[in-house]
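Notes for the one structure printed next.
Values quoted throughout were computed directly from the atomic coordinates according to the rules given, and no laboratory measurement underlies them. Here the structure is a predicted model, which is why all the values come from computation and not from measurement. Cβ coordinates were reconstructed from backbone atoms using ideal geometry, including for glycine residues, and neighbour counts include every protein chain displayed.
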Amino acid sequence: MKKTIIHLTIVPILLASALVSANEASINWRDYDADNSKTLTLEEFSQLRITQYAALDLDLDGAWSKKEFVKRSDNMKMARKSALRKKFQRWDKDENGELSSEEISKGIKGNFRWLDKNKSGSLSLKEMPKR
Ligand SMILES: [Ca+2]
Ligand SMILES: [Ca+2]
Ligand SMILES: [Ca+2]
């Protein structure tokens with residue numbers, strides 16, 4: 001009896017994550033430019049990133065394990081994987097092997113400041129990363 005219940009719950013989770021990864025591929029930063037200023041403020045940028053990271057939380061527990069954070073697709077390059085592993089370590093401030101939503105949002109802020117090369121407080125098209 002127990003086994004049947006487990007199988008039934010796995011199906012919707014798999015479906016949900018398939019839908020989420022389809023969405024992730026189609027993310028366009030312009031959709032997050034709420035005021036059409038052709039630049040993203042920290043708030044607009046955070047919205048975009050949070051949407052992207054939400055798609056990575058495959059078990060939907062509101063936290064990101066290293067596996068969830070690093071593994072984006074099956075054909076990822078090693079260099080990208082190791083860059084993501086390092087990012088994970090930097091962001092995991094309490095070193096519990098998991099990123100909380102708070103750690104993610106701090107990481108996004110740091111990322112924003114780093115991308116904002118001319119320190120204008122917003123990201124222009126040029127400053128936005130390709131992915
Ligand atoms: Ca804007
Ligand atoms: Ca998770
Ligand atoms: Ca943590």
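Full-extension gain between D94 and T51, please, as 0.36 nm times their residue separation minus the C-alpha to C-alpha distance.
Using 0.36 nm per residue and subtracting the Cα-Cα distance, I get 13.1 nm.
Which residues among segment 29-63 fall inside the zone where the amide N is under 20 Å from a point 7 Å beyond the Cα of K109, along Cα→Cβ?
40-54, 63
How about K117: which aspartates and glutamates have a C-alpha closer than 20 Å to its C-alpha, ignoring those fewer than 8 places off in the same chain?
The qualifying aspartates and glutamates are D33, E43, E44, E127.
Using +1 at the C-beta of Lys and Arg and -1 at the C-beta of Asp and Glu, which of Q89, A55, S65 has the Cα lying farthest in the positive direction of the dipole of segment 54-106?
Of the listed residues, the answer is Q89.
Among the GluC sites (Glu not before Pro) within segment 17-118, which fall in a DSSP loop and have no more than 11 other Cβ atoms within 10 Å of their own Cβ?
Sites meeting the loop and neighbour criteria: E95.
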